Structures are given as C-alpha cells and as structure tokens.
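Working notes for the structure below.
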Amino acid sequence: MDERVIGRSGQWASVVGLGTWQLGADWGDVDDKVALSVLEAAAEAGVTFFDTADVYGDGRSEQTIASFLRGRPDLHVLVATKMGRRVEQIPQNYVLDNFRAWNDRSRRNLGVDRIDLVQLHCPPTPVYSSDEVFDALDTLVAEERVAAYGVSVETCEQALTAIARPGVASVQIILNPFRMKPLHEVVPAAREAGVGIIARVPLASGLLSGKYTKDTVFAADDHRTYNRHGEAFDQGETFSGVDYATGVEAAAEFAALAPEGYTPAQLALRWIIEQEGVTTVIPGARNPEQARANAAAAKLPPLPPQTVTAIRELYDRRIKDQVEHRW
C-alpha cells in the first residue's frame, strides 16, 4: 500500500490506517480474539498505521495492539496514541507532570520505551493557545518518551491554531463526504506548513457504509445510541454531527453514487484518500472482513470527476447547513 509522510515527524503511514476505538469500547462488545484478528487482517492488507488512545477501553485498545505486535516482530507498524481524556476536561490538567504520567501509562500499555506519535485528545479550546502546553510536549520529545506529537481536534479553528505551532507534526480531524469544511482552510494550511492530516470518523460512524435504516437499533453501550445529541462527548463524534434521520436519507443517496466495483464505504474512503494534503485515513473495523475491505480502497481506481461533483452537490444540498456552523 502507498505510504505518505506524517508531516514534520518524518515518519510514514499507509494511506489507509486503522482506527482502534472499536477495539476498546463504545461500539458494543468486541472480544479479544476478534480484536486481534482485525489487527492481523489490516496488517496483512498493507496497513502500517494504527491509531489508538489511552481512553479506548481505559487502555484495552493499547494493550491489544501491544499483544498483537509482540507476536508479529516482523511487522513495521507505526502506532499513534492519544492522551488527555481520562481526567476532567479543564485546561489546568494539561501540564507536564500529567503528560509524563499519562505517557508512562501508555508506554506500559503499548510495551514500548518511546511512542511513535502522541496526540492531545480533543482538549479544551484554550489548550491549543498555551505556550506551556507545547513546551511540555517538546519536553516529552527531548526526554525521548515520544518521537513526535500532534493534536486531535473537534473544530477547524482549533486545527488552525495547532498548525501554527512549530512542533506539531500532525492534526487529526473529522473529514469525510459529510464533513467537508476542513478542505476549505485546514488542509491547505497544513499542507503549506508541512503538517500531516489524519482523517478520522471517515465513515460518519458507519452512516456512509449505507447499511443503516431509520429503524436500525444500536447496542445500549454503543455511542451511536447514547451520544446522538452530545450527551457523553462532542456530538460531532457521532454520525459526524448529522441528524440521524437526515444522515440515513443522505447516505442512501451517497451509496447510489458508488461506481462499479466500489462499496459505499470504499467510495467514502477513496474520496478522502484523493484529497491533496491528507496523509492517512483511519477507518475502524469490527471484524477482519471490514478491515480488508477498508484497506482495499487504497488500490481502487481514481474516482470519476462526475462522481466527485455529485458528492459535493449532495453535501451542499443535504449536510452543509447542519454541520459547518458548529465545527
């Protein structure tokens, strides 16, 4: 699979990575054997970038990745984790002592001395403007606890503030055919600054797979049940912030745009891959078949221009007014 450099880090990632939120929590139950089989399928399909976080299953996702990689020393996989969501979300918690403690825990979970890439995990907005925060992150690099650092953001404004920081290697942001605003300013600014873009929530929590109807019922412990209106965390993380009923209808239209040989999910992933300035896209997977199908999007033919135009028209007509004023 093609790889691209992750901005200022000098590290490389496959154009399709693997997001591992599903392997930790908040998507219904996934047992350990299935989780390991998902990692195996992704790696065998050419994925060289795993994205996780200390809060996914309270460390379970990190530990599962470590277990898998211990058994596959032949693989070269870059592992990015995130930190900061295990404490109260106030700027005062984003200090060096906490960073060291969070980093120690993640390094233990991952079984490494130095983490390839650590990202602040959607912190409060003032954090992005704090010199002390970024000085502390520079210290983690100087102490060889991490090779590079980046941020995961909710809004385009947060992303632009982070991109201006000289030590930021990457910005992780929601980008998909139902969330196009980052293409206007964030992706061009990152490209100009040499900052990598990690596209998350690429399938709008599964909406863009075209598998759901208005009658679909998700498990009680699935965030698509309990966070539809932002009850637990930012609403934009669930269905990209799109109202579910609208999203299902728009997703059916989106699925009808898939060229021959593409699934709707692969159409969404291929659209993201083709955005100039995007480093990698990190779909999750609940089973090996999904992992393999996601990775296969990297080898599909380029999208026809008329398909790209139709995707933009659908967004402008059905989605834009719901999301752009918020994120």
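The values are calculated or read from the model by the stated rules, or taken from the named source; none is laboratory data. Note that the structure is a prediction, hence the values are computed from the model and not measured. Quick reminder, even Gly has a Cβ in these numbers, built from the backbone with ideal geometry, and neighbours come from all protein chains shown. Just the protein is used for accessible areas: all its heavy atoms, side chains included, with ligands, DNA and RNA removed. Shrake-Rupley method; radii C 1.70, N 1.55, O 1.52, S 1.80 Å.
See the values below:
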| read-out | value |
| --- | --- |
| Residue check, Leu207 surrounded by 14 or more Cβ atoms within 10 Å (Cβ to Cβ) and within 22 Å of His121 (Cβ to Cβ) | no |
| Qualifying position, being modelled with pLDDT under 95 and either at negative phi or in contact with a Phe, Trp or Tyr (Cβ under 8 Å, 6 or more places away or on another chain) (or both), among Arg286, Arg292 | Arg286 |
| Breaking point among (1) open to solvent by 50 Å² or more (accessible area, probe 1.4 Å); (2) in a helix (DSSP H, G or I); (3) farther than 30 Å from Arg85 by Cα; (4) not small (Gly, Ala, Ser), for Glu276 | (2) |
| Residues within segment 38-80 that are farther than 23 Å from His223 by Cβ, of a type in the set (Gly, Ala, Ser) and part of a helix (DSSP H, G or I), tallied | 4 |
| Selected residue (only one of Ala291, Ala285 is open to solvent by less than 10 Å² (accessible area, probe 1.4 Å) and either touching a Ser or Thr at 6+ places or on another chain (Cβ under 6 Å) or not in a helix (DSSP H, G or I) (or both)) | Ala285 |
| For Asp221: the one exception among (1) touching a residue at least 60 places away in the same chain (Cβ under 8 Å); (2) open to solvent by 20 Å² or more (accessible area, probe 1.4 Å); (3) touching a helix residue (DSSP H, G or I) at 6+ places or on another chain (Cβ under 8 Å); (4) farther than 29 Å from Leu267 by Cβ | (3) |
| Counted residues, segment 122-164 - those being touching a Lys or Arg at 6+ places or on another chain (Cβ under 9 Å) and among the aromatic types (Phe, Trp, Tyr) | 2 |
| Single condition Tyr315 does not satisfy, out of (1) under 29 Å from Trp12 (Cα atoms); (2) aromatic (Phe, Trp, Tyr); (3) more than 16 Å from the chain's Cα centre (by Cα) | (1) |
| Options Val281, Val248; residue that is closer than 20 Å to Leu183 by Cβ and not polar (S, T, N, Q) | Val281 |
| Complete set of residues in segment 88-111 that are buried (at least 16 other Cβ atoms within 10 Å of the Cβ) and part of a loop (DSSP other than H, G, I, E, B) | Tyr94 |
| Check on Arg8, basic (Lys, Arg), open to solvent by 40 Å² or more (accessible area, probe 1.4 Å), in a loop (DSSP other than H, G, I, E, B) and touching a residue at least 12 places away in the same chain (Cβ under 8 Å) | no |
| Some residue of segment 163-184 being polar (S, T, N, Q), open to solvent by less than 10 Å² (accessible area, probe 1.4 Å) and within 26 Å of Ala66 (Cα to Cα) | yes |
| Segment 42-74: number of residues that are surrounded by fewer than 24 Cβ atoms within 10 Å (Cβ to Cβ), touching a Leu at 6+ places or on another chain (Cβ under 9 Å) and of a type outside the set (Ser, Thr, Tyr) | 9 |
| Within segment 11-40, tally of residues that are among the hydrophobic types (A, V, I, L, M, F, W, C), at pLDDT 95 or above and open to solvent by less than 20 Å² (accessible area, probe 1.4 Å) | 6 |
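This table checks each residue for (1) open to solvent by less than 20 Å² (accessible area, probe 1.4 Å); (2) modelled with pLDDT under 95; (3) part of a loop (DSSP other than H, G, I, E, B).
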{"site": "Tyr128", "(1), (2), (3)": "yes, no, no"}
{"site": "Val141", "(1), (2), (3)": "no, no, no"}
{"site": "Glu144", "(1), (2), (3)": "no, no, yes"}
{"site": "Gly150", "(1), (2), (3)": "yes, no, no"}
{"site": "Gln158", "(1), (2), (3)": "yes, no, no"}
{"site": "Thr161", "(1), (2), (3)": "no, no, no"}
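Every residue, every condition in (1) assigned to a loop (DSSP other than H, G, I, E, B); (2) of a type outside the set (A, V, I, L, M, F, W, C); (3) under 21 Å from the mean Cα position of the chain (by Cα), yes or no:
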site	(1), (2), (3)
Ala199	no, no, yes
Leu203	yes, no, yes
Lys211	yes, yes, yes
Lys214	yes, yes, no
Ala232	yes, no, yes
Gly236	no, yes, yes
